[in-house]
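The values are calculated or read from the model by the stated rules, or taken from the named source; none is laboratory data. From a predicted model like this one, the values you see are computed outputs, not experimental measurements. Positions of Cβ are generated from backbone atoms using ideal geometry, with glycine treated the same way; all protein chains shown enter the neighbour counts.
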Amino acid sequence: MSTRDGRDLAAPVTAIDHVRGAEHAPVTIVEYGDFECPVCRAAEPSVRMLLNHHDGAVRLVFRHFPLEHAHPHALMAAEATEAAAAQGAFWEMHDLLLAEGAALSRTALERHAASLSLDIAAFKASLDDEIYRQRVREHIDSGVHSHLRATPGFFVNGRVCDVSGGMYALSEAVAKLL
């Protein structure tokens, strides 16, 4: 089901989104992800390769979509990336958490923050006070309004890209636009 303007992505990209790549790239991929999702972790190298292959022509926007019913650490992991973002290290934490075998317990998240030389007191306080939970919930809501049901969920220039048959579909969608 599409929105009124024919696009599948309900919430357009804004200045507060987490963006990797050229600001004015002709192709924007919006990924809804869950740091505890094994498929999201498996997809990460393909996404990175696509960005590297089309350097300057493709940008990635990451939004949170923790599947809390299936992944008990996903919500706190999403909040941890937001806490890292407040210290200028969103993508570094993102990459750490999507690495194969990355632990996502509270203790592990604190170790990851320390490895990034973040202010640990501020990091812990933000998790304790759940100050980024609303931002994560807003991402979830935008995914729900975009009819997202699973992760990873990809949209290319606002249109859903079904990767259930493999990541090649994402590469094809980008190639068609370039």
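Of all the criteria given as (1) within 17 Å of residue 153 (Cα to Cα); (2) touching a His at 6+ places or on another chain (Cβ under 9 Å); (3) charged (D, E, K, R), the one not satisfied by residue 82 is (1). The single residue among 130, 138 that is among the charged types (D, E, K, R), within 22 Å of residue 67 (Cβ to Cβ) and surrounded by 14 or more Cβ atoms within 10 Å (Cβ to Cβ) turns out to be 138.
Against the test of being at pLDDT below 95, touching a Leu at 6+ places or on another chain (Cβ under 6 Å) and either crowded, with 21+ Cβ neighbours inside 10 Å or on the phi < 0 side of the Ramachandran plot (or both), the options 100, 68, 92 yield a single qualifying residue, 68.
Scanning the range 47-91 for residues that are of a type in the set (Asp, Glu) and assigned to a loop (DSSP other than H, G, I, E, B) turns up 55, 68.
When residue 81 is tested against (1) at pLDDT below 95; (2) of a type in the set (S, T, N, Q); (3) in contact with a strand residue (DSSP E or B) (Cβ under 8 Å, 6 or more places away or on another chain), just one condition goes unmet, and that condition is (1). Scan the range 92-106 for residues that are part of a loop (DSSP other than H, G, I, E, B) and within 12 Å of the chain's Cα centre (by Cα) and the total you get is 0. Of all the residues in the range 91-101, those that are farther than 19 Å from residue 129 by Cβ and out of contact with any Phe, Trp or Tyr (no Cβ under 8 Å at 6 or more places or on another chain) number 7.
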